[in-house]
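Okay, structure first, notes after.
The values are calculated or read from the model by the stated rules, or taken from the named source; none is laboratory data. For clarity, every value in this text was computed on a predicted model and none was experimentally measured. Positions of Cβ are backbone-derived with ideal geometry, glycine not excepted, and every protein chain shown enters the neighbour counts. Ligands, DNA and RNA are stripped out before the accessible areas are found, and what is left, the full protein with its side chains, is counted by its heavy atoms. Shrake-Rupley method; radii C 1.70, N 1.55, O 1.52, S 1.80 Å.
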Amino acid sequence: MLLYLLRHADADTVAESDDARCLSEKGLAQAKKVARFCETHDLRPAQILSSPVRRAHETALLVSAHLRSELTIEKWLACGMHPETALAELRDRRKHESVMIVGHEPDFSRLVAHLLALPGDDRISVRKASLMLLDLESFRPAGACLKFSLPCRLM
C-alpha cells in the first residue's frame, strides 16, 4: 500500500478549544497548493482518511474535493494517535492501493519513526501542510520505505 501522510495546514491560534481551530488564510492557501501538487503529479489516493479535528478535516476536505477522492473521518487519527493503532486500522484497508491520512504532530513523527525503524521520533519533523509518501510493504514496525517527504513551500 502506498501511504500518503499529510499534516494539517496552518491554523488560527484563537478558538474556543484546540479542536475547534480552523485553517488560517495561510492554511487555506497551503491546502490548495498541496491539492494542486497532487493533481499535477497524479498522486490520487483511493481513499483519504482524516482526523475529526477541525484543522485536519478542513485540510482533507480541500484536498479530497480537488482530487475527487473518497473522504472518511476517523477518530483514531485525532491528536494522540499511536503507531500501533494506525497500523491496525490501515491493515483493514489493505484492499486499497493507496491511502492518504491527514493528521497531526507529533503523531506523524512517531508513526514514521515506527514504520522506518528509526531509533526515535526526534529524527523526524513533519511540518504543517507537508506531504510524505511511504511504501507500506507490511503492517508492522520497520515495514515501510520512505519514497519522499516534501514541505509545502517546495510544492
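If you stretched the chain out fully between Lys33 and Leu146, how much longer would it get, using 0.36 nm times the residue separation minus the C-alpha to C-alpha distance?
Answer, rounded to one decimal: 38.5 nm.
Going by average Cβ density within 10 Å per residue, which order do the peptides 143-154, 44-55, 102-113, 21-32 take, highest to lowest?
Packing proxy ranking, top to bottom: 102-113, 44-55, 21-32, 143-154.
Between Asp19 and Leu154, how many nm apart are label points set 7 Å from Cα along the C-beta direction?
Output for this residue pair reads 3.5 nm.
What angle, in degrees between 0 and 90 and rounded to the nearest 10, separates the Cα long axis of helix 54-67 from the longest principal axis of the Cα atoms of the chain?
It is inclined by approximately 80 degrees.
Evaluate the charge dipole of the chain about its Cα centre and quote only its size in Debye, nearest 20, assuming +1 on the Cβ of each Lys and Arg and -1 on the Cβ of each Asp and Glu.
In debye, rounded to 20, the chain gives about 380.
Would you please give the FRET efficiency between Asp42 and Thr72, computed as 1/(1 + (r/R0)^6) with r the Cβ-Cβ distance and R0 = 25 Å, to the nearest 0.05?
0.70
If I fit a long axis through the Cα atoms of helix 25-40 and take the longest principal axis of the Cα atoms of the chain, what angle between them do I get, 0 to 90°, rounded to 10?
Computed tilt is about 50 degrees.
With a 1.4 Å probe and all protein chains kept in place, how do Ile73, Ile124, Ile101 rank by accessible area, largest first?
Largest to smallest exposure gives the sequence Ile73, Ile124, Ile101.
Given R₀ = 30 Å, what would the calculated FRET efficiency be for Ser125 paired with Asp92, taking r from the Cβ atoms and rounding to 0.05?
0.55
Remind me, relative contact order of the chain in percent, using alpha carbon pairs under 8 angstrom and six or more residues apart?
30 percent.
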